[in-house]
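Peer 1: Okay, handing you the structure first.
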Amino acid sequence: MPEERLQKALARAGFGSRRACEEMIAAGRATIDGKVATLGDKVDTSVNIVTLDGHQIPLDPDLRYLLLHKPAGIVTTMDDPQGRPDITSLLPEGDRVFPVGRLDLETEGLLLLTNDGELTHRLTHPRYAVEKEYLAEVDGSPGAKHLAKLRDGVELEDGPAKVARAQIVGSSKGKGAIEIVMTEGRKREVRRLLEAVDLPVLRLIRVRQGPVRLGDLAVGTIRPLTTDEVRGLYEVAGL
């Protein structure tokens, strides 16, 4: 794509007005391919690496970053060989994006979608330990002993597993609710962990990934990530 002035690219990507972006550049806060940028510098946003305040930022206008509130009963694939409903029916036309990791068939909640391959790799690789937070409704009354087992770790068929953090947020009439934070994402891991401590899952919702929260986004709907959310994902992914 053709080059454009850095301040224009920054403003287009949502980092402030053109004037505010010029002031950032004049203050020495931006770099292009490792060199401090100056007013008048141009960039090819599909090639050059731009940082602001030491953090790499995505400026390529072809990159897309979306958040979907995945419903239960939908598989996290673009096409399912078994013919089950997949996420393609929920995506906007024209944007070719892919899910960042997966939620199992019956799990609901936050699902990130993007065509940014490097970010996807880092958000899904255990090495970068990006947090994912879940709210689980369980069959049983969770207590301190359950939390201790989850934190200490349990042995699953594919190896030991444990939560990064867990807390009880509700309990009534033999059912409870637990908030769980994980830093890895093996298949059905949260469900298997809770099953292993005798708290089978009745409903599971992912409410956060890194700095991005599901909030009040309606089930089955989608929205673009904000500039701050994308920057936050880049930071936790070490980009």
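Peer 1: Starting from residues that are closer than 28 Å to GLN167 by Cα and among the β-branched types (Val, Ile, Thr), keep the ones in segment 82-139 and report whichever is surrounded by the fewest Cβ atoms within 10 Å (Cβ to Cβ).
Peer 2: THR124
Peer 1: Another question about this same structure. Which one of these does GLY101 not meet: (1) assigned to a loop (DSSP other than H, G, I, E, B); (2) without any contact (Cβ under 8 Å) to a residue 40 or more places away in the chain?
Peer 2: Status for GLY101: all satisfied but (2).
Peer 1: Please determine, by comparing only the residues of segment 99-131 that are at pLDDT below 90 and among the hydrophobic types (A, V, I, L, M, F, W, C), which one is nearest to GLY210 (Cα to Cα).
Peer 2: Out of the qualifying residues, it is ALA129.
Peer 1: In addition: Scanning for something over 19 Å from PRO2 (Cα atoms), in contact with a strand residue (DSSP E or B) (Cβ under 7 Å, 6 or more places away or on another chain), surrounded by 20 or more Cβ atoms within 10 Å (Cβ to Cβ) and at pLDDT 95 or above, does segment 30-46 turn up at least one residue?
Peer 2: no
Peer 1: Could you identify the single residue in THR221, THR226, THR183 that is modelled with pLDDT under 95, of a type in the set (Ser, Thr, Tyr) and closer than 14 Å to LEU110 by Cβ?
Peer 2: Residue meeting the stated conditions: THR221.
Peer 1: Just give me the residues in segment 84-97 being part of a loop (DSSP other than H, G, I, E, B) and modelled with pLDDT of 80 or more, in sequence order.
Peer 2: If the condition is that a residue be part of a loop (DSSP other than H, G, I, E, B) and modelled with pLDDT of 80 or more, then ARG84, PRO85, LEU91, ARG96, VAL97 are the ones that fit.
Peer 1: Which of the residues that make up segment 19-71 are among the acidic types (Asp, Glu) and in contact (Cβ under 8 Å) with a residue 12 or more places away in the chain?
Peer 2: The answer is GLU22, ASP33, ASP41, ASP44, ASP53, ASP60, ASP62.
Peer 1: Among the numbered criteria (1) modelled with pLDDT under 95; (2) surrounded by 14 or more Cβ atoms within 10 Å (Cβ to Cβ); (3) out of contact with any Ser or Thr (no Cβ under 7 Å at 6 or more places or on another chain); (4) at positive phi, which one does VAL154 miss?
Peer 2: Condition not satisfied by VAL154: (4).
Peer 1: Of all residues in segment 61-80, how many are of a type in the set (Asp, Glu) and surrounded by 17 or more Cβ atoms within 10 Å (Cβ to Cβ)?
Peer 2: Summing the residues that are of a type in the set (Asp, Glu) and surrounded by 17 or more Cβ atoms within 10 Å (Cβ to Cβ) in segment 61-80 gives 0.
The values are calculated or read from the model by the stated rules, or taken from the named source; none is laboratory data. These numbers were taken from a predicted model, which means no experiment stands behind them. Using ideal geometry, Cβ is built from the backbone for each residue, glycine included, and neighbour counts are taken over all protein chains shown.
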